[in-house]
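Below you'll find the structure, written out as structure tokens, and then a few comments.
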Amino acid sequence: MDFSFGELPPDWERMTPFLERAMSRVPITTQVGMKKFFCGPESFTPDLRPIVGEAPELRGYFVAAGLNSIGVLTGGASAGCWRIGSPRAIPMWT
């Protein structure tokens, strides 16, 4: 059975306080509402470590992959974990 992007019913009692706080920071959202609230299972890599840095096979090509469900939260920080032009990336976990 393929459950990729399968959905679960949201736990509104648990999520409502977080949504209310988030929407209070962007007041227009209280007027326009929400089109879709996706609730699905988390995904993780087996070792829980993303691949972030310069690809060894292609100099100057940087990768931020394997961030799984926290990719949206860590995407910006991931880009700051290396210096463009530096021969080595700075791993996120150090």
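Laboratory data are not the source of any read-out in this text; all were calculated from the coordinates shown. From a predicted model like this one, the values you see are computed outputs, not experimental measurements. As a convention, Cβ positions derive from the backbone with ideal geometry for all residues, glycine included, and neighbour counts pool all protein chains shown.
Here is how the numbers come out for the structure above:
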| read-out | value |
| --- | --- |
| Cut-off under 5 Å, modelled amide H: who pairs with VAL63 long-range | GLY53, GLU54, ALA55 |
| Hz values of 3J(HN,Hα) by residue in region 16-27 - Karplus curve (6.51, -1.76, 1.60), Gly and Pro given as x | 3, x, 5, 5, 4, 5, 5, 5, 5, 6, 10, x |
| Rough spin-label spacing in nm, given labels placed 7 Å along Cα→Cβ, for PHE5 and THR74 | 2.3 |
